[in-house]
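The values are calculated or read from the model by the stated rules, or taken from the named source; none is laboratory data. It should be emphasised that the depicted structure is a prediction, and the values quoted were computed from it without experimental measurement. Because the Cβ atoms are built from the backbone with ideal geometry, glycine has one as well, and the counts that use them run over all protein chains shown. In case anyone asks, the SASA skips ligands and DNA or RNA and just uses the protein heavy atoms, side chains included. Shrake-Rupley method; radii C 1.70, N 1.55, O 1.52, S 1.80 Å.
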Protein chains: 2
Amino acid sequence: MAIDAEELKGHLDGLLLAVLTGGPLHGYAVIEALKARSGGELALSEGTVYPALHRLEREGLLASEWSSESGRRRRVYSLTRRGERALGERRARWESFAGTIGAVLAA
Amino acid sequence: MAIDAEELKGHLDGLLLAVLTGGPLHGYAVIEALKARSGGELALSEGTVYPALHRLEREGLLASEWSSESGRRRRVYSLTRRGERALGERRARWESFAGTIGAVLAA
DNA sequence: GCACATTACCTCGTCATACAAGGCATTGCA
DNA sequence: TGCAATGCCTTGTATGACGAGGTAATGTGC
């Protein structure tokens with residue numbers, strides 16, 4: 001079952017940061033990587049991912065560079081130092097969040 | 001760390017259904033029960049919970065009754081049969097969601 | 001008896017955000 | 001030559017949690 005838009009809210013940024021720990025990727029490749037890493041569950045649209053990447057760059061968690069390799073115009077994103085730290089916080093927050101929700105749901 | 005508004009989106013309904021498996025509760029008590037069961041992490045406001053309870057009742061997952069016991073006017077909510085089924089689905093969805101997000105974040 | 005916190009309900013407006021829809025340009029393939 | 005895929009973008013919409021504000025009764029301390 002594909003993931004619902006509403007349940008994803010607030011959790012997207014961490015996913016984007018996480019997928020970039022494997023090395024820089026351009027936007028389109030980020031979408032594919034998320035799909036691959038989630039077994040197809042995370043089939044995010046461009047209208048979701050591109051604005052989020054812009055936001056993360058604006059916040060200084062990502063840096064981007066235009067690349068004309070292979071003739072095609074691509075914007076390649078990479079994690080900044082601050083982005084790495086933020087990812088650490090995101091992971092901790094997720095553990096806490098998932099623990100809380102899981103506990104209440106199971107009760 | 002208290003739970004953020006955005007990350008909770010889409011997950012609240014399941015929590016409300018779950019907290020009512022212990023028996024009927026009125027709205028204010030639902031808020032307290034969630035706080036207690038989450039170790040204080042889920043400190044939800046009335047502006048969050050009351051509309052959600054109304055929505056769930058409108059969807060037929062909860063039923064409510066006015067109670068004047070103790071002189072105080074209270075609306076007591078209980079799970080319907082459909083609500084119980086919906087809770088089962090919510091729990092399954094949560095497992096799937098948490099598994100997917102957790103896997104991508106950890107990768 | 002009086003002030004004030006607590007219990008208990010409600011609604012309205014605001015904000016953040018995921019997404020659909022639409023547009024543009026290039027490459028590659030049938 | 002047409003059409004899919006790659007690759008980028010923006011705008012508008014819907015959703016949903018929350019803050020702020022309102023009402024009223026009960027309980028408590030002085």
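Results, tabulated for the structure shown:
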item	result
Inter-copy label distances at B:Glu69 (7 Å, Cα→Cβ; nm, one decimal)	6.9
Residue-averaged beta-carbon neighbours from other chains (10 angstrom radius) around A:83-93	1
Cβ-based charge dipole, region B:5-106, positive-most Cα from B:Thr48, B:Leu34, B:Trp66	B:Trp66
Label distances, nm, B:Arg58 versus same residue in remaining copies, Cβ-directed 7 Å point	3.1
Å² per residue, accessible surface of chain B at 1.4 Å	53
CD proxy at 222 nm, helix term only [per DSSP H run n ≥ 4: -39500 (n - 2.57); per residue of chain B; nearest 500]	-18000 deg cm²/dmol
Dipole magnitude of chain B about its Cα centre (Cβ charges: Lys, Arg +1; Asp, Glu -1), debye to nearest 20	360
Total formal charge among the other residues, if their Cβ is under 12 angstrom from that of B:Gly88, Lys/Arg +1 and Asp/Glu -1	+3
Whole-angstrom gap from region B:1-68 to region A:35-107, using each part's C-alpha centre	30
Within the protein assembly as shown: Cβ-based charge dipole about Cα centre, in debye rounded to nearest 20 (Lys, Arg +1; Asp, Glu -1)	80
Rh by Kirkwood over Cα pairs, then Stokes-Einstein D for the protein assembly as shown at 0.692 mPa s and 37 °C, µm²/s	173
Label 7 Å beyond Cα on the Cβ vector: A:Ala2 copy-to-copy distances, nm	3.5
Straight-distance crosslink candidates among lysines, where the alpha carbon sits under 27 Å from A:Lys35 and sequence neighbours closer than 8 are dropped	A:Lys9, B:Lys9
Convex hull of chain A built on C-alpha atoms - directionally averaged projected area, nm²	7.5
Whole-percent carbon and sulfur share, accessible surface of region A:5-101, 1.4 Å	47
